[in-house]
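Everything on this sheet refers to the single structure shown next.
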Ligand SMILES: [Zn+2]
């Protein structure tokens with residue numbers, strides 16, 4: 001099966017991650033209701049469920065913080081306003097890969113451009129070229 005390279009924007013990714021966690025949390029709590037005859041199992045399921053929900057709230061809070069740090073731009077492809085996190089990200093609307101770094105323009109979109117290791121290597125390369 002060919003892997004489809006569709007990149008969703010990081011904020012959207014984190015948002016769906018938090019949403020999935022809420023569902024998992026509720027699934028565990030539902031499991032607790034189903035096993036209410038076995039008290040310790042019910043309590044365990046509920047605690048795990050509540051932890052998932054609390055954690056997803058933390059993630060939502062974190063998204064809020066990230067959004068304030070994100071750079072608002074107009075997507076060159078679909079002309080909708082979107083937000084960028086890091087050096088490379090994808091448009092929230094059309095999933096167009098975007099970059100803030102001129103050196104990366106035209107290069108294939110890769111999450112690795114956001115990693116510290118890549119930045120170090122890029123720095124070393126520019127030093128060598130000078
Ligand atoms: Zn777009």
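Bear in mind that the values in this text are calculations on the coordinates, not laboratory data. Quick caveat, the model's predicted, so the values are computed rather than measured. Quick reminder, even Gly has a Cβ in these numbers, built from the backbone with ideal geometry, and neighbours come from all protein chains shown.
Of note:
- For the stretch 10-69: relative contact order, % (alpha-carbon pairs under 8 angstrom, 6 or more apart): 44
- By other beta-carbon atoms within 10 Å, ranking 117, 36 with the fewest at the front produces 117, 36.
- Only helices enter the 222 nm calculation for the chain: every DSSP H run of n ≥ 4 contributes -39,500 (n - 2.57), and dividing by all residues gives -19000 deg cm²/dmol, rounded to 500.
- Note: the stretch 10-69, Cα convex hull, 44 Å³ per residue.
- Here the Debye sum runs over all C-alpha atoms of the chain as equal scatterers in vacuum, and log10 of I(q)/I(0) at q = 0.20 Å⁻¹ comes out as -1.09.
- Taking 0.36 nm per residue of separation and subtracting the Cα-Cα distance, full extension of the segment from residue 116 to residue 13 would add 35.0 nm.
- Spin-label model, residue 58/residue 93: points 7 Å from Cα along the beta carbon direction are separated by 3.5 nm.
- As a proxy for reagent exposure, ranking 46, 17 by other Cβ atoms within 10 Å from fewest up yields 17, 46.
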